Amino acid sequence: MNYREYRRQRLDELRTTPRMADGGTYRNFVDGLIDLLEQVPSLYRVLEIGCAYGVSTETLLLYAREVWAVDPWEPPYDFYHDFLQRCGDYPHLMVIRGRSPDALPAGMRTFDLVYIDGDHEHAAVVADIAAALYLLHDGGVLAGHDWSAHGVQVAVLDFWRRLGRDGLPKVFADGSWMIRLRGD
């Protein structure tokens, strides 16, 4: 099987694999994340904040040349073993076990995409957005998951308005959201 076939097979499976163990809600799958990734033309280096079981991480790994995964994997949500079983064999995965934003790599303005899916409380999302801005290169994409979570939505909309934009950022079927920092 060549890589293109492998990738298609893995994406087909990931589309029906729950991100979390909370069942089959429509926002629990990666279909919207796949749609988001298809709209980002160049994905060399990606940072994911909040990885849990690694379903979204594996999706990112199938699109990007390098993925940095940041998660504390601590009780009561210690899925680190499950994460490594799913993603550990990908050679272009860098794992940082720690809490965002403290664990984020400092001063690396080289990420094409930062995908925020960690702590969904307003203050935490604000802190993740602020940290992400120092990690994205000019023209990078800020994105995340769980648009319907109140803390996420308020933090993202506040940032969106600070950019001077009207309406809403792009929101996808799985609750992923995306903001291009130029030309959106």
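Consider residue 88 carefully, then state whether it is on the phi > 0 side of the Ramachandran plot, surrounded by fewer than 20 Cβ atoms within 10 Å (Cβ to Cβ) and of a type outside the set (D, E, K, R). So residue 88 does not fit the description; no.
Considering 65, 109, the condition of being among the basic types (Lys, Arg) and in contact with a Gly (Cβ under 9 Å, 6 or more places away or on another chain) is satisfied by 109 alone. Against the list (1) touching a helix residue (DSSP H, G or I) at 6+ places or on another chain (Cβ under 8 Å); (2) touching a residue at least 12 places away in the same chain (Cβ under 8 Å), the condition residue 1 fails is (2).
Count of region 27-51 residues, restricted to those that are free of Cβ contacts under 8 Å to residues at least 40 places away in the same chain and over 14 Å from residue 143 (Cα atoms), is 1. Taken over region 38-81, the criterion of being at positive phi and of a type in the set (Phe, Trp, Tyr) is satisfied by 73 alone. Taken over region 148-184, the criterion of being surrounded by fewer than 22 Cβ atoms within 10 Å (Cβ to Cβ), in a helix (DSSP H, G or I) and either touching a helix residue (DSSP H, G or I) at 6+ places or on another chain (Cβ under 6 Å) or of a type in the set (S, T, N, Q) (or both) is satisfied by 151, 153, 154, 159.
A search for C-beta distances below 8 Å between a residue of region 141-158 that is of a type in the set (Ser, Thr, Tyr) and any residue that is assigned to a helix (DSSP H, G or I), counting only pairs 6+ apart in sequence or on different chains, returns 148/27. Residue 124 fulfils the conditions (1) of a type in the set (Gly, Ala, Ser); (2) touching a residue at least 12 places away in the same chain (Cβ under 8 Å); (3) in a loop (DSSP other than H, G, I, E, B) except for a single criterion, (3). Looking only at residues in region 18-53 that are crowded, with 16+ Cβ neighbours inside 10 Å, at pLDDT 90 or above and not aliphatic (A, V, I, L, M), the one that is farthest from residue 106 (Cα to Cα) is 31.
A quick yes/no check of all residues on (1) of a type in the set (Val, Ile, Thr); (2) under 16 Å from the mean Cα position of the chain (by Cα):
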{"position": "101", "(1), (2)": "no, yes"}
{"position": "108", "(1), (2)": "no, no"}
{"position": "112", "(1), (2)": "no, yes"}
{"position": "123", "(1), (2)": "no, no"}
{"position": "156", "(1), (2)": "yes, yes"}
{"position": "159", "(1), (2)": "no, no"}
{"position": "166", "(1), (2)": "no, no"}
{"position": "171", "(1), (2)": "yes, yes"}
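Residue 120 meets all of the listed conditions (1) more than 20 Å from residue 43 (Cβ to Cβ); (2) surrounded by fewer than 19 Cβ atoms within 10 Å (Cβ to Cβ) but one, namely (2). A single entry from 70, 125, 141 fulfils the requirement of being closer than 15 Å to residue 52 by Cβ and among the hydrophobic types (A, V, I, L, M, F, W, C): 70. Consider region 133-147 and keep the residues that are in a strand (DSSP E or B) and more than 17 Å from residue 119 (Cα to Cα). The one that is nearest to the chain's Cα centre (by Cα) is 141.
Hey, any hits in region 87-101 for a residue that's modelled with pLDDT of 95 or more and touching a Ser or Thr at 6+ places or on another chain (Cβ under 7 Å)? Yes; the residues of region 87-101 include at least one that is modelled with pLDDT of 95 or more and touching a Ser or Thr at 6+ places or on another chain (Cβ under 7 Å).
The values are calculated or read from the model by the stated rules, or taken from the named source; none is laboratory data. Predicted, not measured: the structure shown is a model, and the values here were computed from it. In this analysis, Cβ positions are derived from the backbone assuming ideal geometry, glycine residues included, and neighbour counts consider all displayed protein chains.
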